[in-house]
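Sending over a structure as structure tokens; questions will come in a sec.
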Amino acid sequence: MNIKEVLELARPNILKLTPYRCARDDYSTGILLDANENNFGNAAHGQEELHLEKYPDPHQKELKSLFKNFRNLDSSDRLFFGVGSDEGIDLVIRVFCTPGKDKILICNPTYGMYSVCAQVNDVEVVKVPLKVDDGSFQLEVDKIKQAIDVEKNLKVCFFCNPGNPTGTLLRRSDIIEILQYFKGIVVVDEAYIDFSYDENHPLETQSFTNAISKYPNLIVLQTLSKSFGLAGIRFGVSVSAKEVAQLFNNTKAPYNISTLTHLTAKTALEEAGIKLMRSNLNKILMERERLTEKLKSIKRIGKIKGTNDANFILFEVLDKAGGKPCNSSAVFVYKKLADDYKVVVRYRGTELGCEGCLRVTVGTPSENLEFLNKLMLVVSS
Ligand SMILES: Cc1ncc(COP(=O)(O)O)c(C=O)c1O
């Protein structure tokens, strides 16, 4: 696809949109009496120096340049910053899908927000499940192509890579095949991409950010919530063709990134922040390894599902006889852990291909130890 064809996929009202402009777009220094702010200062006692009485920077140019360098991108014009990658998911649907007419495609089991955002926007969801019979959680490329052929008004395919809750990195060649076949938008959600890195698979070969200039219909979503440990600031990123990024930036609320979020993201994306992120990442990867091995040794725990490429582990709880993955046993363990021991994991047993499954986030060494001890107590009771 060329960029002209990609832009033709956007909703006509979005293409015609005159974006909101403020006086600050033209003048940002001097005596600023243009935005009805409260120049007597903010009421957040002790935080006067942050000047929170002023609206935040709507364009975040410096921050975009930091992110561009961090991910080795060719231009910061490819970036949109949102309130978590959840805002990116919603924007993709709002920009490209006409309510009541267009459709998105998802490969379940997958992250729940694609469907939620589609429903909020009155957009139909077509499901082509991942391969679950062989436990690989990979894409069914031929079935996706069939769906692309038969489903009218299919505008966007969402691929979660590595998957949630599957924790599995998708085959790169499969996504490329769809990118080349589909005359629509392909979103690759890389919320967990940093955890899929190892010596044999350097990040540069895993992430789809390096394919952005080749495929104008590709949108990569990333976030500071996971590897950077900044879920609390709500900061997500979309990397795409410049023209698509422009549509997102035209459509977003003018001041979606708060001053506090902006300042924190800037600190994280400077050299010391990136170093700290990498050091924590290595610790998480080591703990993931350790936790996986320990889980395997517990009698009523079955398979570790998928290929374990994220910062969580999906595992089976077996029935009392210790034979088969079992949803009622998984629910029992889930509730007992939370109610009696205040250890909260996620029950995923109702997801396709996840019979009897719980998903546990890799915590700190002491949290993981506590989780394992309590899990052993519960399954042996
Ligand atoms: C696959 C996936 N994408 C996106 C998100 C949302 O991330 P954010 O905190 O950036 O909104 C999550 C959160 O758990 C996720 O699992």
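The values are calculated or read from the model by the stated rules, or taken from the named source; none is laboratory data. Since this is a predicted model, take the numbers as computed values, not measurements. Here the Cβ positions follow ideal geometry from the backbone for every residue, glycine too, while neighbour counts run over all protein chains shown. Just so you know, the surface numbers come from the protein's heavy atoms only, side chains and all, with ligands and any DNA or RNA stripped out. Shrake-Rupley method; radii C 1.70, N 1.55, O 1.52, S 1.80 Å.
Check Lys214, Lys155 and return the single one that is away from the ligand (no atom under 16 Å from the Cβ) and assigned to a strand (DSSP E or B).
Exactly one of Lys214, Lys155 is away from the ligand (no atom under 16 Å from the Cβ) and assigned to a strand (DSSP E or B), namely Lys155.
Another question, if that's okay. Considering only the range 93-116, state which residues are out of contact with any Leu (no Cβ under 8 Å at 6 or more places or on another chain) and open to solvent by less than 10 Å² (accessible area, probe 1.4 Å).
Hits for the range 93-116 are Ile93, Cys97, Ile106, Tyr114.
A further question on this structure: State the number of residues belonging to the range 325-335 that are among the hydroxyl-bearing types (Ser, Thr, Tyr) and surrounded by 15 or more Cβ atoms within 10 Å (Cβ to Cβ).
2
What is the one condition in (1) within 23 Å of Tyr111 (Cβ to Cβ); (2) open to solvent by less than 20 Å² (accessible area, probe 1.4 Å); (3) among the small types (Gly, Ala, Ser) that Ala338 does not satisfy?
The single condition Ala338 does not satisfy is (2).
Say whether the condition of being under 30 Å from Leu50 (Cα atoms), open to solvent by 30 Å² or more (accessible area, probe 1.4 Å) and in a loop (DSSP other than H, G, I, E, B) is met by at least one residue in the range 294-304.
no
Also, I was wondering about something else. Six or more apart or on different chains, Cβ under 6 Å: which pairs go from a residue in the range 230-250 that's surrounded by fewer than 20 Cβ atoms within 10 Å (Cβ to Cβ) to one that's of a type in the set (Lys, Arg)? Could you list them?
Lys242/Arg78
Can I ask one more? Could you count how many residues in the range 261-293 are buried (at least 16 other Cβ atoms within 10 Å of the Cβ) and closer than 29 Å to Ala35 by Cβ?
Of the residues in the range 261-293, 6 are buried (at least 16 other Cβ atoms within 10 Å of the Cβ) and closer than 29 Å to Ala35 by Cβ.
Determine whether Gly322 is open to solvent by less than 40 Å² (accessible area, probe 1.4 Å), outside any loop (DSSP other than H, G, I, E, B) and out of contact with any helix residue (DSSP H, G or I) (no Cβ under 7 Å at 6 or more places or on another chain).
It is false that Gly322 is open to solvent by less than 40 Å² (accessible area, probe 1.4 Å), outside any loop (DSSP other than H, G, I, E, B) and out of contact with any helix residue (DSSP H, G or I) (no Cβ under 7 Å at 6 or more places or on another chain).
Just to check your reading of the model, which residue among Gly84, Gly135, Gly163 is surrounded by 23 or more Cβ atoms within 10 Å (Cβ to Cβ) and either under 20 Å from the mean Cα position of the chain (by Cα) or not assigned by TED's automatic domain parsing to the domain that holds Arg346 (or both)?
Gly163
Does at least one position in the range 151-160 carry a residue that is under 19 Å from Cys354 (Cα atoms) and under 15 Å from the mean Cα position of the chain (by Cα)?
Within the range 151-160 (the criterion being under 19 Å from Cys354 (Cα atoms) and under 15 Å from the mean Cα position of the chain (by Cα)), the answer is yes, since at least one residue qualifies.
Regarding Val378, is this residue assigned to a helix (DSSP H, G or I), at negative phi and surrounded by 15 or more Cβ atoms within 10 Å (Cβ to Cβ)?
yes
Can you name the number of the only condition in (1) among the hydrophobic types (A, V, I, L, M, F, W, C); (2) within 13 Å of the ligand (Cβ to nearest atom); (3) closer than 30 Å to Lys16 by Cα that Cys160 fails?
For Cys160, the failing item is (3).
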